[in-house]
Each structure stands twice: as C-alpha cells, then as structure tokens.
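Heads up: the structure comes next, in structure tokens.
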Amino acid sequence: MGITNRASVHSPSKPLDPTTIEFGKVFTPNFFLMKYADGSWQEPVIGPMQDFQLHPAAIVFHYGQAIFEGLKAFQQDSGRIVIFRPEMNARRFNLSARRLDMPEVDEGLFVEACAKLVENERYFVPASPGSLYIRPSMIGVEPCIGVRSSKEFYFFIMTLPAGTYFKEVTGGAGSVNVLVSESVFRACRGGTGNVKAAGNYAASLNIITEAKKKGCVQVLFLNAADRAHIEEMGGMNVFFVREGKLLTPPLSDTILAGVVRDTVLQLARDMGIEAIETPLAIREVLADIRSGRITEAMACGTAASITGIGSLQTESGEVIRVGSESPGPMTNGLYHQIRGIQYGQIPDRHGWITEVCTLEPVAR
Ligand code: COI
C-alpha cells in the first residue's frame, strides 16, 4: 500500500539555528500516522500533526504498551538530505514490537515512511551541526482495563529539528558529568532492556532527576543481578579508552544494541583501533580512571551522537575525573569520523547513508 500524502510543504518562518534549539521541544508541521485495527494495518498517511483523542482506558496509559525509535536526517553541504542507517532502526523496531506483543511494521515501509516524511519536512533539516531527529513510535490504543495486549495500535513518526542533545555541549563532541547508578537498575535478564520499550525510560527518570541535583546530566547503569558490571546509560551506550584500546560491554538481553554503538565499533576498527566488547566491572573501571590507565570515556547514541564523559560520580558523592575532563583524541577522532560521514565530508564506505532528496531553495 502506498503512502498517502495530505501534507503541505512548509519552511520555517525564520532560519533554524541548531545552536539554540532545545532538544525535543520543536516539531515540524506534519507527521506520519498508520492505524492498526481488525487485525491489519490501515492506510499510511502523512498529514498535518494532530493531537490524538484517546479513551482514558487506552492500554498505553495503564500497561505501557509503547515502543519507539530514534534516527536522524542530515543536511549535507551539497544540499543533499540523507538518513543515517534507517534499516537498523526498522529491524530493532520490530524486535521491540515482538517483545511487547505488538504488530510488526513492514521494514521497507518503515524506512519509506521516514524518508517520505523527511522529504516533506526537508526545509526543517538544519544545516551542520544540526540534524532532523526522527521519532517513530507505536502505542496500544484500545480501551481495555483487562491486562492483555491491545487489538488497536497507532504507528506514528514525528520529526524534530535538533542541535545537541545535551545543552552543556556547545561545540564538537563536548563532555558531560555522569552519575553511577548504584541503587536503581534499568533492566534484568529476560526483561525489556534490549528493546526500546517506553517503560525502560520511565524507570530511569527518577535517578536522572537525582543525577541532575548532583550536577550530572546522565546516569550509568549497572547489571541488576551482580550490581558490579557496567551496562549502558539512560539512552546511550558507553565506551572507555584503556591503554589505547576501545572497550564497551558486550550486548546481552539487558543492553540496547545501539546503532551508534555498532557504528563506533566499525569506525574504530577502520581507524586501526583495537575495539573490544568485554565485561567491565565498575570497581575496576573507576580504579583505572583514578590511576590514569583509562584516559577517555564516551556516551554514544543517536540523540547524543558521541559525547565525552568528563567525570563519573558515585552515589556517595565521590567525583572521579576522566583524563583532562575534555573529550580526548579517540573521542574527538570518532566524533569527526561519524559526523564527517553523516554530513558527506567523508566517504560512506559501509553504505550507511540513505539519500532522501536534494534541497532546492523555496520562496517563503
Ligand atoms: C536516541 O538516542 O534516539 C534515544 O532514543 C535516546 C534518548 C535519550 C533520546
């Protein structure tokens, strides 16, 4: 079934300045919506953004049947608009859908819907260092207070002009302070930690609020079973540089397989860096940072791109500074590689770029 386009093409009333856009608060005028009812997906439509009118008993409100994805479109110097690795998000979306007992979305349609929406909203893709953040989501909307899977769903995609995710990062990779969450855990074996369930993020909000009170903007989660090994952050994967080698925890059913995580591993190997997926005990990592064996740490995610970690703080208040607290050479090198590919300044050797359209100026 083709995508119906009922949207007009708009352009922003004033030029978008990616250095001042607050992440997550600015939306483009149109969105994509496809409803599921009577056992099948209905007509996919791009049209003006609208509020949803949902029954207060909609399953998403009570039992959290909600999943999402995050990917980005970039405006390259030539005016070409591209999306970075959308097929990985399509695949992971269906992994999440299966885990939360939701209907799968055809992966070709997922990518086409993102591309067609981005093309429609093309004048809202800020130039470098900005991007257009794409947020596909699915929610169970059937009114039912019985605990069971919804029989009706909305799959929708919004787009948001974006600058940096962390307002503390004003240029380049930047760096942020991170709290080690020793008392709150985001995932357990057999749970939903390896999929993008909205509830995973709900469970991380209280400790993120606590972190902010302590001067940190993010948290680092540990394995809930052993309370000893590092897993990931609240929406990003984590890497460390120890004696020139790049280290990250191996994937498991408690860690989300990040698209940027996968990209960083590949880019590091392309750059001749030894990149190792290995269990990392927090006690050893903190000792290695204190002794200077670990010189860099970084958070990697679609929204955050690659951001340096300036310090780790324990819940008892000890602050362990990482290297010089500024992004180190490997963080900067990887950041410039990924950004170079996304903005078309470095060749896309791995076929990560999906072309959407080329920007033509319009009269406002
Ligand atoms: C993303 O990076 O796309 C996420 O979904 C994580 C969230 C912190 C915005």
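Summary of computed values
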read-out: Subset tally (residues that are over 28 Å from Phe166 (Cβ atoms), surrounded by fewer than 12 Cβ atoms within 10 Å (Cβ to Cβ) and small (Gly, Ala, Ser)) for region 1-49; value: 4
read-out: Test: residue in region 64-71 that is among the aromatic types (Phe, Trp, Tyr) and either crowded, with 20+ Cβ neighbours inside 10 Å or out of contact with any helix residue (DSSP H, G or I) (no Cβ under 9 Å at 6 or more places or on another chain) (or both); value: no
read-out: Region 321-353, residues that are among the hydroxyl-bearing types (Ser, Thr, Tyr) and closer than 17 Å to Asp262 by Cα; value: Thr331, Tyr335
read-out: Residue match in region 299-307 (condition: away from the ligand (no atom under 16 Å from the Cβ) and not charged (D, E, K, R)); value: no
read-out: Candidate set from region 147-169 (those that are outside any strand (DSSP E or B) and within 17 Å of the chain's Cα centre (by Cα)); member that is farthest from Pro103 (Cα to Cα); value: Val169
read-out: Residues within region 233-247 that are buried (at least 21 other Cβ atoms within 10 Å of the Cβ) and more than 16 Å from the ligand (Cβ to nearest atom), tallied; value: 4
read-out: Any hit, region 136-144, residues being within 13 Å of the ligand (Cβ to nearest atom) and either in a helix (DSSP H, G or I) or farther than 28 Å from Pro327 by Cα (or both); value: yes
read-out: Matching residues, region 112-130, being aliphatic (A, V, I, L, M) and buried (at least 19 other Cβ atoms within 10 Å of the Cβ); value: Ala113, Ala115, Leu117, Val118, Val125
read-out: Hits in region 192-226 - residues which are touching an Asp or Glu at 6+ places or on another chain (Cβ under 7 Å) and over 17 Å from Asn177 (Cβ atoms); value: Gly193, Asn194, Lys196, Leu222, Asn223
read-out: Test: residue in region 44-55 that is out of contact with any Asp or Glu (no Cβ under 8 Å at 6 or more places or on another chain), within 16 Å of the ligand (Cβ to nearest atom) and among the hydrophobic types (A, V, I, L, M, F, W, C); value: no
read-out: Top-ranked residue in region 283-295 [being closer than 16 Å to Leu220 by Cα and crowded, with 21+ Cβ neighbours inside 10 Å; ranked as nearest to the ligand (Cβ to nearest atom)]; value: Val285
read-out: Neighbours by Cβ (under 6 Å, 6+ apart or cross-chain): first from region 102-116, more than 16 Å from Ile46 (Cα to Cα) and in contact (Cβ under 8 Å) with a residue 40 or more places away in the chain; second among the aliphatic types (A, V, I, L, M) and buried (at least 21 other Cβ atoms within 10 Å of the Cβ); value: Met102/Met138
read-out: Tally, over region 223-232, of residues that are surrounded by fewer than 22 Cβ atoms within 10 Å (Cβ to Cβ) and touching a residue at least 40 places away in the same chain (Cβ under 8 Å); value: 3
read-out: Subset tally (residues that are part of a loop (DSSP other than H, G, I, E, B) and surrounded by fewer than 19 Cβ atoms within 10 Å (Cβ to Cβ)) for region 296-336; value: 8
read-out: Failed criterion for Arg339 (all others in (1) among the basic types (Lys, Arg); (2) buried (at least 18 other Cβ atoms within 10 Å of the Cβ); (3) more than 16 Å from the ligand (Cβ to nearest atom) hold); value: (3)
read-out: Those residues of region 176-219 which are surrounded by fewer than 19 Cβ atoms within 10 Å (Cβ to Cβ) and polar (S, T, N, Q), in sequence order; value: Ser183, Asn206, Thr209
read-out: Test: residue in region 15-25 that is aromatic (Phe, Trp, Tyr) and under 24 Å from Leu100 (Cα atoms); value: no
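The numbers here are math on the coordinates, done by the rules we state, and not lab data. Quantities reported herein were computed from a predicted structural model and do not represent experimental measurements. Neighbour counts run over all protein chains shown; Cβ positions are idealised from the backbone, glycine included.
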